[in-house]
1. If you check residue 26 against the conditions, is it part of a helix (DSSP H, G or I), out of contact with any strand residue (DSSP E or B) (no Cβ under 7 Å at 6 or more places or on another chain) and within 25 Å of residue 142 (Cβ to Cβ)?
2. Which of the helices (runs of 4 or more DSSP H) contained wholly in segment 36-126 include at least 2 residues that are surrounded by 17 or more Cβ atoms within 10 Å (Cβ to Cβ) and under 13 Å from the mean Cα position of the chain (by Cα)?
3. For segment 195-209, how many residues are modelled with pLDDT of 95 or more and surrounded by 13 or more Cβ atoms within 10 Å (Cβ to Cβ)?
4. Count, please, the residues in segment 210-242 that happen to be surrounded by 13 or more Cβ atoms within 10 Å (Cβ to Cβ) and under 25 Å from the mean Cα position of the chain (by Cα).
5. Given the criterion farther than 17 Å from residue 24 by Cα and near the ligand (Cβ under 10 Å from one of its atoms), identify the matching residue among 148, 141, 126.
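The values are calculated or read from the model by the stated rules, or taken from the named source; none is laboratory data. Small disclaimer: the values here were computed from a predicted structure and weren't measured. Don't worry about glycine lacking a Cβ; one is built from the backbone with ideal geometry, like all the others, and counts go over all protein chains shown.
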Ligand code: SAH
C-alpha cells in the first residue's frame with residue numbers, strides 16, 4: 001500500500017448513528033484507506049457499527065477516539081472540511097471532490113491530511129471550519145445536496161484513491177523539511193492574536209474577521225519548521241522578548 005493512503009485520516013465528528021460509522025469504515029477499506037478518527041461519537045462501539053462495517057471491523061477496532069477536534073488533527077499538516085453547501089459567506093478555498101482528490105493525492109505523499117465529516121443533522125460548526133485550510137463539496141443536485149455522511153466518505157475516499165493510484169508522481173527523492181503540523185499552527189495563531197492585541201491592531205471588542213482572514217492567508221502556504229521559528233521570533237521580538245525554540 002502506498003504511503004499516501006496511510007497519510008489520509010478520515011475524521012467523523014459527533015456522528016449520531018453508529019451504522020454510519022460502520023458504513024464509513026467499510027467505504028474506507030474498499031478504497032484502501034485505514035485511518036479513522038471519531039470525535040465524540042454519540043454511540044460507539046456499537047453492534048450497529050460492527051454490522052454495517054461488514055468485513056471492515058479492523059478499521060473500527062483501530063479507530064482513534066477523541067473528545068475534541070484539535071486532538072484529532074494535532075499531527076496533521078493539512079485539514080480539509082467537507083461541506084454539503086457549495087458556498088459560504090466567508091470564502092474558504094473550495095474544491096470539488098474531484099479536484100480535492102487530485103490535491104490530496106499530491107499532498108499525501110509526504111504530509112498527513114485530515115478530511116473532516118460533520119454531524120448528520122448540522123454538518124460542521126463554524127468553529128470547526130476555522131481549523132480547515134480549504135473546503136470540499138461533492139457536486140450534486142443543487143436542490144438536494146446533502147448526502148448521507150457515509151456516502152460522502154465513500155465518494156471522497158474514491159476520489160482520493162483513484163488519483164493516488166493513477167498518479168505518476170514520483171516520490172520526492174530529496175528529503176524536504178517538513179511542513180509544520182496543526183498544533184504548531186494553533187500555537188502560532190494564539191501568539192499572533194495576543195501580539196496583535198498588544199500592539200492595538202486587533203480590538204478584542206471589535207475583532208471583525210481579522211483572525212479568520214489571517215488564518216485563510218497563512219493556511220494557503222506551506223510553512224516549514226524553520227520558517228515558523230522566524231515568525232514566532234518576530235512576534236516575540238515585538239513583545240520585547242526572545243522566542244524559545246522547542247526541541
Ligand atoms: N445539514 C447539514 C448536512 C450534513 S450532512 C449541512 O448543511 O451541513 C453530513 C455530512 O456529510 C456533512 O457534514 C459532510 O461531511 C458530508 N456531506 C454531505 N453532503 C455533502 C456534499 N454534497 N459534499 C461534501 N460533503 C457532504
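1. Against the criterion (part of a helix (DSSP H, G or I), out of contact with any strand residue (DSSP E or B) (no Cβ under 7 Å at 6 or more places or on another chain) and within 25 Å of residue 142 (Cβ to Cβ)), residue 26 does not qualify.
2. Hits in segment 36-126: 69-73, 97-107.
3. 5
4. 17
5. Working: 148 fails: farther than 17 Å from residue 24 by Cα; 126 fails: near the ligand (Cβ under 10 Å from one of its atoms).
Just one listed residue meets the conditions, 141.
Conditions tested, residue by residue: (1) within 19 Å of residue 222 (Cα to Cα); (2) at pLDDT below 95.
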{"site": "73", "(1), (2)": "yes, no"}
{"site": "77", "(1), (2)": "yes, no"}
{"site": "98", "(1), (2)": "no, no"}
{"site": "113", "(1), (2)": "yes, no"}
{"site": "143", "(1), (2)": "no, yes"}
